[in-house]
Amino acid sequence: MLKKSGVLLAAAPFYFGLNSCVNTGKNSFDADVVIIGAGLSGLNAALLLEEAGFTVKIVEATDRFGGRVHTAKEENVPGRPELGANGIGGGYARLLNAAQKYGVEIGEYRPRTEPRKGEILYAVNKNLILPEQWEGHAANPHPEGYRKGSPTSSAWSVYGKLNPLPKNDLTAWRTPEFHKWDRSVYDVLKEEGFSDEAIKLAVATNSSYGVDGKSISVLMYFQILNFIVQQSAFNGQGGAAVGGNQRIPEAMGAAFKQDVLFESPVKRIQGEIDGVTIGLKNDKKVRARYALCTLPASALRRIEMSPNPEGIQNNAFQELSYTPCVQIHFVPIRKYWEEDGLPPSMWSDTLAGRFMALKNDPQNPDRVTSCVAYLNSNVALEIDKMDQKDAIAAVTKTLEEMRPSLKGALKFTYYWTWVNNPYAGGAYAYWKPGQITKFADHMAKPNGRIHFAGEHTAIVNRGMEGAMESGERAAFEIMDLLG
Ligand SMILES: Cc1cc2nc3c(=O)[nH]c(=O)nc-3n(C[C@H](O)[C@H](O)[C@H](O)COP(=O)(O)OP(=O)(O)OC[C@H]3O[C@@H](n4cnc5c(N)ncnc54)[C@H](O)[C@@H]3O)c2cc1C
């Protein structure tokens, strides 16, 4: 195999030139494997296959490496916060290994996209509330035993109390023994004495997953909790890439020696007896022995695949949902926090979502470089439906009404949506009640010569490390078949 690939690589400039996108005949291949998507899963698979001596071609819809790992450009948002993936867990072995191998330094992550500890204020039901006032505040709707912490930590305390999954087995969430927990967060919180108002605040306002309590399986939260516990065991070893997380996929992409077709959205994937043909825009084609599709299900369902995946897998691709996320970035033109003496960041139950003051200037770590209204849940969907100008005006007005010192204190700088984005469709997958039971085992099954990877197919890990895990699994799956 190595010899064969050596021959192909020697001919690379010709063989992998743009014209090679044209299908030259049934038995000719542009590569052993065509990988759709240059996010972490696709890049990890591509590098592993390349190292093993196979020819690989990557096809990517956008003009960059990284997919949902996306650092803002300095000219768009000063300090370059993360628009996508933020924290790298200390136990992200594959990702940390890639960073080290390709020369990307890992540093602290908190300032990049989150406010510093102690710099937050709660804006609930038109009240500005300091964290120490929250427990006894009239706007706190949580039941006795869950009033401490933050407006959302109450629900996490319930997940912690009920979590039946063994701490030492991160695959347990998919086993039939725990399927009885594949039920809605709403029902579980109700049984714990939460009112509708409390559930809305805790899991349907600024929730990092899904849109509301009825749309999420509590089993998913149990797995997230165990994953977090496991990651915190490696305390101090994670963080974020210095200069932005996007530097990791960029460095991986630079290490990949073969061809990447950017700005080439895939329209069609056609499985054949001896290969797979990928149809791109402008009717270009790429043909390979195997295809690895790393698209999130939300992007996958926009393209044609033949043969259609089998029934349950097809339903899974059609139905898997993605957490809405929209960000509106501002630059502070006045130190509004000094004017009212309150913390600069706010967790709010309004259209302004989580409003966070970010400090991303290494020369001056206390300078607020930008602020972001970070919107999730139904709020993100509502904002995303608006014309962008109206959305920015509505969020600015909400902020000014909520906190008078913000009046005229912000200059809009950048709008970013993961919702209205055909190549993402949301931030990351979430499982609705019943979906883990129905779909989890089917998500990554090969469809003939078409294989699947991506964060949503991961078993042990989540987020970026889940993407890396899935790319590794799929690369070995295909290597086995290529022999
Ligand atoms: C706002 C946000 C915050 C996050 N926070 C964290 C965090 O703190 N920690 C963490 O670990 N993870 C986090 N994540 C999740 C993490 O970013 C993802 O799990 C991971 O990057 C997914 O990688 P992937 O390769 O599976 O998919 P992607 O990165 O989505 O890669 C898929 C690629 O396919 C391309 N593509 C799509 N459609 C087509 C098409 N038709 N043709 C060709 N190419 C196509 C896309 O452009 C993309 O490059 C966050 C994500 C977001 C959006």
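Coordinate-derived values only; no laboratory data. Keep in mind it's a predicted model, so treat the numbers as computed, not measured. Because the Cβ atoms are built from the backbone with ideal geometry, glycine has one as well, and the counts that use them run over all protein chains shown.
Observations on the structure shown:
- For the chain, the residue among Leu381, Asn127, Gly311 whose Cα projects farthest onto the positive side of the dipole built from Cβ charges is Gly311.
- Links that overshoot a 24 Å alpha carbon limit, given the list Lys335/Lys397; Lys389/Lys432; Lys161/Lys190: Lys389/Lys432
- Reducing the stretch 123-176 and the stretch 35-59 to their Cα centroids gives an inter-centroid distance of 40 Å.
- By the beta-carbon count within 10 Å of each Cβ, the least crowded to most crowded order of Asp63, Asp441, fewest first, is Asp63, Asp441.
- Among the listed pairs Lys359/Lys411; Lys385/Lys438; Lys359/Lys407; Lys57/Lys445; Lys214/Lys438, those whose Cα-Cα separation exceeds 27 Å are Lys385/Lys438.
- For Ala241, the residues whose amide H sits under 5 Å from its own are Gly107, ignoring neighbours fewer than 5 places away on the same chain, with H placed 1.01 Å from N.
- Each residue of the stretch 448-459 is assigned a 3J(HN,Hα), and the resulting list reads x, 8, 9, 10, 10, 9, x, 2, 6, 9, 6, 10 Hz, derived from the Karplus form 6.51 cos²θ - 1.76 cosθ + 1.60 (θ = phi - 60°), x at Gly and Pro.
- By the count of neighbouring beta-carbon atoms within 10 Å, fewest first, Thr71, Thr171 end up ordered Thr171, Thr71.
- Theoretical ellipticity at 222 nm over the chain - DSSP helices of four or more residues, -39500 (n - 2.57) apiece, nearest 500: -9000 deg cm²/dmol
- Equivalent ellipsoid semi-axes, the chain, via Cα gyration tensor eigenvalues times 5, rooted, Å: 40, 26, 20
- Put a plus charge on the Cβ of each Lys and Arg, a minus charge on the Cβ of each Asp and Glu, and nothing anywhere else: the dipole of the chain about its Cα centre is then about 580 debye.
- Full-extension gain in nm, Ser306 to Asn235, via 0.36 nm per residue minus C-alpha separation: 21.0 nm
- Counting Lys and Arg as +1 and Asp and Glu as -1 over every other residue whose Cβ lies under 11 Å from the Cβ of Pro433, the net charge comes to +2.
- Whole-angstrom gap from the stretch 293-368 to the stretch 223-249, using each part's C-alpha centre: 17
- Charge dipole magnitude, Cβ of K and R +1, D and E -1 - the stretch 141-232, Cα centre, debye nearest 20: 160
- Phi to ³J(HN,Hα) by Karplus 6.51 cos²θ - 1.76 cosθ + 1.60 over the stretch 248-255, Hz, x for Gly, Pro: 5, x, 5, 5, 5, x, 5, 6
- Cβ charges +1 (Lys, Arg) and -1 (Asp, Glu), total dipole of the stretch 209-353, debye: 520
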